[in-house]
Each structure stands twice: as C-alpha cells, then as structure tokens.
Amino acid sequence: MTATDVIIRAKRRLGQHFLRDERILTRIADAAELAPGDTVVEIGPGTGNLTTQLLDRAGKVVAVEIDERLQPVLGVLETTRESFRVVWGDFMDLEWASLGLSSQDKVKVVANIPYYITTPILLKLLQEPEISRRPLTEVPPLAERFVIMVQDEVAERMIAQPGTKAYGSLSVIVQYAARVERVFKVPRHVFVPRPQVESAVLRLFPRHEPPMRVADPRVFFRVVRGSFGQRRKTLLNALSAAAFVKADVAAACQAADIDPQRRGETLTLDEFARLAAHLH
C-alpha cells in the first residue's frame, strides 16, 4: 500500500499540504546530504512521499506524525522497511528523549512544517527557552543540521539582515543559534491542496558557540525581544516599556556606543550583545 492507494483528505486545522512533486522531494532529500550512517528525524511525514527517499539514503528514519489517519500508509512502510519507525503524537508535546535516539546517532532533522505552527516548532528545535537561560556552549544541538520547509515569508524573516523590513526578533534568535541557508523556493502548485502562499526550503546548522560574545543569554534574549516589542519605538522607549529602567537603558547605550534613538531593527547581533552586556 502506498500514498496513491489511500485517499487522505488534508485537514485544514493541521495545516496539511501534501507534497507530490518528485523533483522537489529529491531536492529536499539532496539538501540533507544523507549518508548510510545517518539517522533522520522527519517531522510530519504525511503520506510518506519524502520518507521513502530518506529511507533510501539514510541508515534510519524516525518519523513524528500527529494524524493517525495516516496509519494505513505509514504502518505498511513500517512493516516493509526495518529502518523506519513512527512516533505518533504532536511534536510540540513530545520530549526529544521519547524518540529513542542514542548519543551515538548522527542525527539530521527533515521537516515540512505546518505554516500555523512554524515558529514554535523552530524554536523547539533550536532549544529555546533553554538557550535563553544557558550559554550556547552548554546546550548540545539536537541534530547536526535541520532541513525545513516553511512559508517563504517566514524564511525571509529567518535570514533577514538589519535594516530590512523582515528583520525581527526571530531573525536574531535563529541567527544566534544557527547558521542559516536558503536552499530553494517551492511553488504552490506542487502541493495538494494548493496553499495560498509560496514556500521555501532552508538548511540550519546549529552552532556550538554563538557568533559573538554574549555575557548573559537571559539578558540578551530580553533585550532582543524588548527591542522589537514595539517596532516604531526607539531603543530607549522600547526597552523602557519592556521592564528595563530608562536611565539604565540610556547608560547602557552610551557604554555600548549605540545611539538610544535607533530602532531595534537596525541593530546587528553584535550590537545587541554589546547592549545586553551593560544591562541586567
């Protein structure tokens, strides 16, 4: 039994859009650069179209699927491919340890993330809030790379640079925790049902240490989120509204050599780190 043998109607509430185009599926699998010794965690295998390509390339695939209507398809794949296992449930509710991975596994994550829950899944993969409490050097990455398909607008935000419209707290947090590459755009017509927006495939390589010195991750994350909390406000006003003392913000800006009248969307990662180093 294959995906073509069973008619599965996509559930809107789960954000399901099944990818059917073999060329796109191959390009996603190529982006993961899999080897026989790799273990793949696939989030949202759907009808298994990409899963079969991953199984042909990797040593093992552990899939996480919330929609139990897909058991007729994925269950058959489980019985015919010894290297495949499905964990049924909502990825957001699962502990990573429940996937049964070993510390020796060379893990890569491949995911077609539903648009409505993109940011929560992404932050869970990057281990936020853990990385917002402890130095990045103390938080081992869950995988050596993530290959994810997301809404193109979200992809733009993840790779955005300071001074651009798309640049925001998500840009800073993602780029702090990982090196990000856009691989290719995915047109709407390759999905069933067809979504209303374009998609993009990204590769993320989790960092073992940040690209700049961060004195205290907790303060750094507070500063980043506070700076973008009210985008049209200056740093001085935005951070004051985010529970920092206004006089302290002014002093920190002076010490970090940053104009307090600038807006958060103009600051680089290094400038955020410098500013945070003078706040508490």
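The values are calculated or read from the model by the stated rules, or taken from the named source; none is laboratory data. Model, not experiment: these values are computed from the prediction. No Cβ is skipped: glycine too gets one built from the backbone with ideal geometry, and neighbour counts run over all protein chains shown.
List of remarks:
- Pick from the stretch 85-115, criterion hydrophobic (A, V, I, L, M, F, W, C) and more than 19 Å from the chain's Cα centre (by Cα), ranking: farthest from P36 (Cα to Cα): W88
- Considering the stretch 228-280, the residues that are free of Cβ contacts under 8 Å to residues at least 12 places away in the same chain and among the small types (G, A, S) include one that is surrounded by the most Cβ atoms within 10 Å (Cβ to Cβ), namely S240.
Here's the yes/no breakdown for (1) polar (S, T, N, Q); (2) part of a loop (DSSP other than H, G, I, E, B); (3) modelled with pLDDT of 90 or more:
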residue	(1), (2), (3)
T4	yes, yes, no
I7	no, yes, no
Q16	yes, yes, no
T26	yes, no, yes
T39	yes, no, yes
T47	yes, yes, no
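- Looking at R188, R207, R157, just one residue is touching a residue at least 24 places away in the same chain (Cβ under 8 Å) and either in contact with a Leu (Cβ under 9 Å, 6 or more places away or on another chain) or at negative phi (or both), and that residue is R207.
- For the stretch 202-224, a residue qualifies if it is farther than 12 Å from A277 by Cα, surrounded by fewer than 17 Cβ atoms within 10 Å (Cβ to Cβ) and in contact with a helix residue (DSSP H, G or I) (Cβ under 9 Å, 6 or more places away or on another chain), and the qualifying residues are H208, E209, P211.
- Close pairs (6 angstrom Cβ cut-off, 6 or more residues apart or separate chains): hydroxyl-bearing (S, T, Y) in the stretch 30-55, assigned to a helix (DSSP H, G or I) anywhere: T47/V73
- Within the stretch 179-201, restricting attention to residues that are out of contact with any helix residue (DSSP H, G or I) (no Cβ under 9 Å at 6 or more places or on another chain) and not aromatic (F, W, Y), the residue that is modelled with the lowest pLDDT is V192.
- Residue selected from the stretch 175-196 under the condition among the charged types (D, E, K, R) and not in a helix (DSSP H, G or I), by the criterion farthest from N49 (Cα to Cα): R179
- Count of the stretch 230-257 residues which are out of contact with any helix residue (DSSP H, G or I) (no Cβ under 6 Å at 6 or more places or on another chain) and part of a loop (DSSP other than H, G, I, E, B): 8
- Among the candidates E128, E95, E82, residue that is acidic (D, E) and either buried (at least 18 other Cβ atoms within 10 Å of the Cβ) or in contact with a Cys (Cβ under 7 Å, 6 or more places away or on another chain) (or both): E128
- Boolean, A166 is surrounded by fewer than 21 Cβ atoms within 10 Å (Cβ to Cβ), of a type in the set (A, V, I, L, M, F, W, C), in a loop (DSSP other than H, G, I, E, B) and on the phi < 0 side of the Ramachandran plot: yes
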